[in-house]
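Take a look at the structure below.
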Amino acid sequence: MSPQEQILTNIEGGRMFAALRKAIKSRTTVEVTRLAGSAFAVYGAAVVRQRAGVHIYVLPDRDTAAYVYNDLAALLPNEQVLFFPTGYKRSIRFGKPDDSGIVQRTAALNAITAMSRKSRVVLCTYPDALCEKVAARQGLESRTLEIRCGQRIKMLDLEDSLMALGFERVPFVYEPGQYSIRGGIVDIFSFSENRPYRLDFFDDDVDSVRFFDISSQLTTERCDRAVVVANTLDDAGRVPLAEFVGGDALWCVDDLDGLCAQLDDVRVKMLGEMDDDVDFVKCETNSDFCCNTSDWVTRSF
């Protein structure tokens, strides 16, 4: 047993954790106080091990969310622990898209869509990221192209599909949203991965699918399929994250009053700077820890 597992096992066998589990099962909102240091992440990781589904940790800012993400990833090495940042540089208020943020957000949405009833997905996020709506499940599926190893598909048909999804053809891919074709090789940089795919064709058959390194052009990992997702940042019909994950998600908020104040602050500033309607999420509840999404009120402005 690793030291991390020993810590969580000791926590799960304690009287305080038993009371927390009972409260979460019987009540919609639970408040936990006097958590210091990494106790928020430790107790959160113990809750994740005891409960399947989506767990969303909301911290006051990006740096704090990143610290908690590192703690949870270390405590839960066998679970899908993902960072959910804003899709813009610094904030949606500045209107400058950030490809790396879009990739991380899309990867998180894909993980939630693909999860089974007994699996777990953990997201770490912060108010600026929650201000942005996400693609609805149907919209995400319509902008996803799956290519399996051994599949028969004409390269021209594949290129037509990529162009319809908004991908740009370039000599060599170096950022999400690009693809290239050289002989029987098709490189695709999906918005759901931080590495591009390389598809090797033999006639009209997909002979192999692999990830490769942009700098060295060498294979880093072989896989049985490529899941290509287009940029969903500007999709119509977007929904709040709370609606996307559904009512069974467990929201763990470090400072909910502060979160609501930050969301309202961004909303007011955006409305003051723009003439068009802007989509936001507003939360109205009184809790500091583990609030179910049924307590979240979503509004479009």
Highest GNM mean-square fluctuation, the chain, Cα pairs closer than 10 Å: which of Asp255, Asp224, Asp71?
Asp224
Relative contact order for the stretch 6-110 using alpha-carbon pairs under 8 Å, separation at least 6, rounded to a whole percent?
17
Considering only the chain, percent of DSSP beta bridges that pair antiparallel, nearest 5:
65
Choice from Asn78, Asn110, Asn70 with maximal GNM fluctuation in the chain (Cα, 10 Å cutoff):
Asn78
About its Cα centre, how strong a charge dipole does the stretch 149-264 have in debye, to the nearest 20, once Lys and Arg get +1 and Asp and Glu get -1 at the Cβ?
520
For the chain, what is the per residue volume of the convex hull drawn over the alpha-carbon atoms, in cubic angstrom?
148
What's the longest piece of the chain with no exposed GluC sites (Glu not before Pro), counting a site as exposed if DSSP puts it in a loop and it has at most 16 other beta carbons within 10 Å?
32-283
Order of exposure, largest accessible area first, which applies to Ile153, Ile56, Ile7, Ile214 with probe 1.4 Å
Ile7, Ile214, Ile153, Ile56
Solvent-accessible area per residue for the stretch 106-198 (1.4 angstrom probe, square angstrom)
45
Percent of Cα-Cα pairs per 10 Å bin, from 0 to the last occupied bin, for the stretch 1-97, please list those.
13, 43, 30, 10, 3
So how far, in whole Å, is the C-alpha centre of the stretch 1-40 from the one of the stretch 176-210?
45
Is it possible to state the helix-based mean residue ellipticity at 222 nm for the chain, with each DSSP H run of 4+ residues giving -39500 (n - 2.57), the sum divided by total residues, to the nearest 500 deg cm²/dmol? What is it?
-10500 deg cm²/dmol
Carbon/sulfur fraction of accessible area - the chain, other protein chains in place, 1.4 Å, %:
47
Specify which residue in the list Val54, Ala23, Ala36 is farthest towards the positive end of the charge dipole of the stretch 17-83, using unit charges on the beta carbon of Lys, Arg (+1) and Asp, Glu (-1), about the Cα centre.
Ala23
Under a 10 Å cutoff between Cα atoms, tell me which one of Phe167, Phe17, Phe191 has the largest fluctuation in the Gaussian network model of the chain.
Phe17
Candidate lysines for bridging to Lys22, where Cα separation is under 21 Å - those fewer than 8 sequence places away on the same chain excluded
Lys118
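The values are calculated or read from the model by the stated rules, or taken from the named source; none is laboratory data. Here the structure is a predicted model, which means the values were calculated and not measured. Reconstructed Cβ throughout: ideal geometry from the backbone, glycine too, with neighbour counts over all protein chains shown. SASA here: full protein model, heavy atoms, side chains in, ligands and nucleic acids out. Shrake-Rupley method; radii C 1.70, N 1.55, O 1.52, S 1.80 Å.
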